[in-house]
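**Student:** To start, I am sharing the structure in question, which I have written as structure tokens.
What follows is calculated from the coordinates using simple rules that are stated; it is not laboratory data. Worth saying up front: this structure is predicted, and the values here are computed from it rather than measured. When we count neighbours, we look across all protein chains shown, and the Cβ atoms used for this are built from the backbone with ideal geometry, even at glycine.
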Amino acid sequence: MHAMTRVADLLAAGRTFSFEFFPPKDDATQLTLGRTIAELEPLSPSFVSVTYGAGGSTRERTRNIVTWVAKETPITPMAHLTCQGHVRSEIATILDDYASAGIENILALGGDVPADFADHPSDYRYAVDLLEDVAETGRFSVGVAAHPEVHPASPDRATDRKHLAAKLSRADFAITQFFFEAHHYVQLVAELAELGVTKPVIPGIMPITNIKQIARMASMSGAQVPAWVTEAIQDVDDPAEVRRVGVDIASTLCSELLEAGAPGLHFYTMNRSTATREIWANLGLGVS
Ligand code: FAD
């Protein structure tokens, strides 16, 4: 294991470069994820994170991947954890489990509870409620989610920033939802600074490999796919060419963000390594 495994410490020491995965549903996709992690390991990421199905639908699978990464690879893992649809005792058990497995990083999220969870008892509503419980353990470096283009449930921009600032006053860092133009990030950081919050905000990068899928994800998360991005990709049929254009767009965005002072980059890999490795090479980040 790395000697330094708290994301807060890694950020204090310099820029972080991280990858996000989701728990696969079956054996075949599990094998794909194993191969992806093996292909990304030589890039020596600062950390990798594993998503958590809202309401606890991937509770075991998220934990298994996070603890596997900690035991079997030299990479620092971070577990995502959503709180809606959970009672306090469940969250306490999950946090205990992670602490005993040596996991030191949690991304504390509200989560979107699926319709069939609507009647499930929940002691939590917002990420900030979970933050209290995670902080109380004193065992974890804690991150939160930020939405540069405003969370879709926020009534307005100022309210969105106020709640984010409240989360960041307790958390160590934030990771953003994906976006395609650097000004969204720059504006978010400026708005937080106006509220007196200067904790690191790591931009989330989504390389486009499939425009329909990205448009669907963007509409759910409150992000816009700008017309120039859609136009650059919509008439391209060859998947390899789509990836090439998507990688070019993401590489330019990453350079602009680093130039603007971003404390790191967090890649939404969709459990594949090629696009991320190509962006990595374009940025000249090197391989160990
Ligand atoms: P919260 O902070 O809970 O906020 C949600 C909404 O409520 C916002 O509009 C906010 O302004 C408002 N709000 C917050 N606090 C208050 C308050 N005290 N009073 C009134 N309103 C309030 N989802 C998953 O299911 N699993 C994952 O693993 C996952 N990983 C993610 C990783 C990243 C980096 C990001 C950006 C998102 C991720 N999500 C994940 C999506 C996330 O769960 C959704 O955005 C969800 O809708 C809200 O959770 P939150 O933590 O973003 O927001």
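**Student:** Dividing the convex hull volume of the Cα atoms of region 137-227 by its residue count, what figure in Å³ per residue is obtained?
**Tutor:** On the way: hull volume 10.3 nm³, N = 91.
Looking at region 137-227, the number lands at 113 Å³ per residue.
**Student:** Size of region 235-288 along its principal axes in angstrom, Cα-based, largest extent first?
**Tutor:** Principal-axis extents of the Cα atoms in region 235-288, largest first: 36, 25, 19 Å.
**Student:** Okay, moving on. Nothing charged except the Cβ atoms of Lys and Arg (+1) and of Asp and Glu (-1): what's the magnitude of the dipole of the chain about its Cα centre? Round to the nearest 20 debye. Intermediate values should be presented prior to the final figure.
**Tutor:** Numbers: 23 positive and 36 negative charges, 74 e Å.
Dipole size: approximately 360 debye.
**Student:** For the chain, what is the per residue volume of the convex hull drawn over the alpha-carbon atoms, in cubic angstrom? Could you put the intermediate results ahead of the total?
**Tutor:** Working: hull volume 38.0 nm³, N = 288.
Considering the Cα atoms of the chain, their hull volume per residue is 132 Å³.
**Student:** Per 0.36 nm of contour for each residue apart, how much would the distance between Ala215 and Ala281 grow if the chain were fully extended, relative to their Cα-Cα spacing?
**Tutor:** In short, 21.2 nm is gained.
**Student:** Step through the residues of region 42-49 one at a time and calculate ³J(HN,Hα) from phi using the Karplus curve (6.51 cos²θ - 1.76 cosθ + 1.60, θ = phi - 60°), rounding each to whole Hz and writing x for Gly and Pro.
**Tutor:** x, 7, 6, x, 5, 7, 10, 10
**Student:** So what is the relative contact order for region 81-188, in percent, with contacts set as C-alpha pairs under 8 Å and at least six apart? Don't skip to the answer; put the middle values down first.
**Tutor:** Details: 146 pairs, mean separation 29.6, N = 108.
Here the relative contact order equals 27 percent.
**Student:** Now for a separate question. Defining a contact as two alpha carbons under 8 Å apart and six or more residues distant in sequence, what relative contact order in percent does the chain show?
**Tutor:** This gives 20 percent for the chain.
**Student:** Between Lys162 and His183, what is the FRET efficiency for a Förster distance of 22 Å, r being their Cβ-Cβ separation, to the nearest 0.05?
**Tutor:** Taking R0 as 22 Å, the efficiency between Lys162 and His183 is 0.55.
**Student:** Along the three principal axes, how long is region 179-254 when you take its alpha carbons, biggest first, rounded to the nearest angstrom?
**Tutor:** Answer, in whole Å and largest first: 47, 23, 16 Å.
**Student:** Beta carbons within 10 angstrom, averaged per residue: use that to sort the peptides 129-135, 255-261, highest first.
**Tutor:** 129-135, 255-261
**Student:** Kindly rank 99-112, 225-238, 153-166 from highest to lowest mean number of other beta carbons found within 10 Å of each residue.
**Tutor:** Top to bottom by mean Cβ count within 10 Å: 99-112, 153-166, 225-238.
**Student:** Given the options Ala174, Ala215, Ala146, state which has the largest fluctuation in a GNM of the chain using a 10 Å cut-off (strictly under) for Cα springs.
**Tutor:** Ala215
**Student:** I would also like to ask the following. What percentages make up the Cα-Cα pair-distance distribution of region 54-159 when the bins are 5 Å wide from 0?
**Tutor:** All Cα pairs considered, the percentages come to 2, 12, 22, 23, 19, 12, 7, 3, 0.
**Student:** So what does log10 I(q)/I(0) come out to for region 1-128 at q = 0.14, 0.18, 0.20 Å⁻¹, using the Debye formula with one equal point on every Cα and no solvent?
**Tutor:** -0.63, -1.00, -1.17
**Student:** Restricting to lysines 8 or more places apart or on different chains, can you count the pairs in the chain with Cα atoms under 24 Å from each other? If you can, show how the numbers build up before the last one.
**Tutor:** Details: Lys25/Lys71; Lys25/Lys212; Lys162/Lys199; Lys167/Lys199.
Summing the qualifying lysine pairs gives 4.
**Student:** Expressed in whole Å with the largest first, what are the equivalent ellipsoid semi-axes of region 44-95 derived from the C-alpha gyration tensor as the square root of 5 times each eigenvalue?
**Tutor:** On the way: eigenvalues 101, 20, 16 Å².
Ellipsoid semi-axes (Å, largest first): 22, 10, 9.
**Student:** While we're here: For region 128-135, what does the Karplus curve 6.51 cos²θ - 1.76 cosθ + 1.60, with θ = phi - 60°, yield as ³J(HN,Hα) per residue in whole Hz, taken in order and with x for Gly and Pro?
**Tutor:** Listing the rounded values in order: 4, 5, 5, 3, 4, 5, 5, 4 Hz.
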